[in-house]
Amino acid sequence: MSNETKDLTKQEAQHPLETERTRTRKVYTPRVDIYETKDTIVLIADMPGVDEKSVDITLEKNVLTIAGGVGQANNKGYTVSYAEYETGDYERAFTISDEVDRDKIDAEVKNGVLKITLHKAEKAKVKKIAVKAA
Amino acid sequence: MFGTSFGRFRMAPLSELQRLQRDINRAFSGFDSFMTVQELPTLNVLESSQDVIVTAELPGINSDNLNISIVNDTLTLSGSREPEVLEEGESYHRQERSYGKFSRTIRLPFNVDASKVDAIYKKGILTIVLPRAEKEKPKKITIKAA
């Protein structure tokens, strides 16, 4: 991928995050798209099985952590005849730069996709300077 | 990604290889790859004597773009995921999610009653419940004491 990534993506947390977990479930790194618009930076993460109640987003200092819990499916009476994926929790952290306004972060979950909108701080927005005709 | 356990589930080794190949392709193919990489949804199949449940991780799909078809004991799941539409001046810093069309066909362990199939799409997971065809249900034979 391009080398022009911004601070937001530069320091990627190793997987799993360097904390000891108290649950024995597997932890997956969700796949993430990040794009930048004029006023926002949008982060989209694929987290199938997660809904708005089971996702946690925390911002501490300049680390934005997303975590999602997926409930254990009730498979009583069934045997697994073929398995390609396992369920587990999701966790991933991002370093965000000063250009993000910490008080204005929106998040929504739809169909297992988490979308976080980070608004740029006023000072980081591009200001256009009009040139007056002499 | 590499920490998949072979012990807990019966994993399909081929799909593991395909996944590895996909990851390698992704790593080497650069930015323009996202339209050509065909990401197949991963499936889990559970069965009981009465029915079979197929689940697929398909985050962010409009359920109108999902097609399920059943012919005898073959289930085909196809659909597409639409990419985010970026306006001019907007750009990606990172793109790991894949878009585009996908199609998967699997053989079910028995014939199913196609008219009674239920499919639910919730939280990015598609669950298809396929009841076993009535005539194929196992019959319990009682043994009479002589």
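Read-outs throughout are calculated quantities, based only on the coordinates presented, and are distinct from any laboratory measurement. Since we're looking at a predicted model, the values are computed, not measured. With ideal geometry, Cβ positions are generated from the backbone for all residues, glycine too; neighbour counts draw on all protein chains shown.
Structure notes:
- Per residue of peptide A:108-119, the mean number of Cβ atoms on other chains within 10 Å of the residue Cβ is 3.
- 3J(HN,Hα) along region A:77-90, derived from phi through the Karplus expression 6.51 cos²θ - 1.76 cosθ + 1.60 where θ = phi - 60°, amounts to x, 10, 10, 7, 9, 6, 9, 10, 9, 10, 9, x, 8, 10 Hz, with x in place of Gly and Pro.
- Close Lys pairs in region B:40-146 (alpha-carbon distance under 26 Å; sequence gap of 8 or more, or different chains): 7.
- Computed magnitude of the charge dipole of region A:62-134 (debye, nearest 20; Cβ of K, R +1, Cβ of D, E -1): 600
- Peptide B:96-108, shielding by other chains (average Cβ, 10 Å cutoff): 2
- Shielding by partners for peptide B:116-128, expressed as the average number of C-beta atoms from other protein chains within 10 Å of each residue's C-beta, is 3.
- Measuring between their Cα centroids, region B:86-146 and region A:38-64 lie 29 Å from each other.
- Sorting the segments A:84-94, B:134-144, B:67-77 by their residues' average number of neighbouring beta-carbon atoms within 10 angstrom, most packed first, yields A:84-94, B:67-77, B:134-144.
- Burial ranking of peptide ranges B:102-108, B:114-120 (average Cβ count within 10 Å, highest at the top): B:102-108, B:114-120
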